[in-house]
Amino acid sequence: MSTGAIVAIVIAVILVAAIVALYFFGKRAQKRQEEQQVQLDAMKQTVTMLIIDKKRMKLNEAGLPQAVIDQTPKLLRRSKLPILKVRVGNRVMSLICDEKIFDNVPTKKEVKASVSGIYVTEVKGLHGKTAAPEQKKKGFFKELVAKAQEKAGAKMVK
């Protein structure tokens, strides 16, 4: 066999091994995520709160308890999380918000929220209507890509 064929076979074997490993790691991560979701649902409570502010900030800048910061992995401490500053009763506290609902959370409004520990999983408006978040204007490049995909008949990319 030629050298090129041997190199191609070795690369193909390495790629197949990597795909198989990613498949099994993905399945394991999905099982863990489902178990954590079950725990969050079991601990869920409905609370009325006034949302003062919402920001994406680092964990150690968010004003969360030291025990929470100590329990998080070191790599996650540097990443920015969606943080809500809320008033529940007469206490002002910082809570971590679910990434899926962060953009829909109204500020300066009183809401009913499902809270599991310090994690906000769901928010419903209480008084008045919740205003939809303003749509940001697309950049030049994203607009060109959207036009090209529209002409090609493909789905819109967010």
By my count, strands (runs of 3 or more DSSP E) wholly in segment 21-102 with at least 1 residues that are free of Cβ contacts under 8 Å to residues at least 24 places away in the same chain and basic (Lys, Arg) are 45-58, 91-97
Might you let me know whether segment 121-130 holds any residue that is among the hydrophobic types (A, V, I, L, M, F, W, C) and modelled with pLDDT under 80?
yes
Taking Leu59 as the residue in question, decide whether it is among the aliphatic types (A, V, I, L, M) and at pLDDT 90 or above.
no
Determine which single condition Glu35 fails, assuming it passes every other condition in (1) more than 21 Å from the chain's Cα centre (by Cα); (2) not assigned by TED's automatic domain parsing to the domain that holds Tyr119.
(1)
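The values are calculated or read from the model by the stated rules, or taken from the named source; none is laboratory data. If you're wondering where the values come from, they're calculated on a predicted model, not measured in any experiment. With ideal geometry, Cβ positions are generated from the backbone for all residues, glycine too; neighbour counts draw on all protein chains shown.
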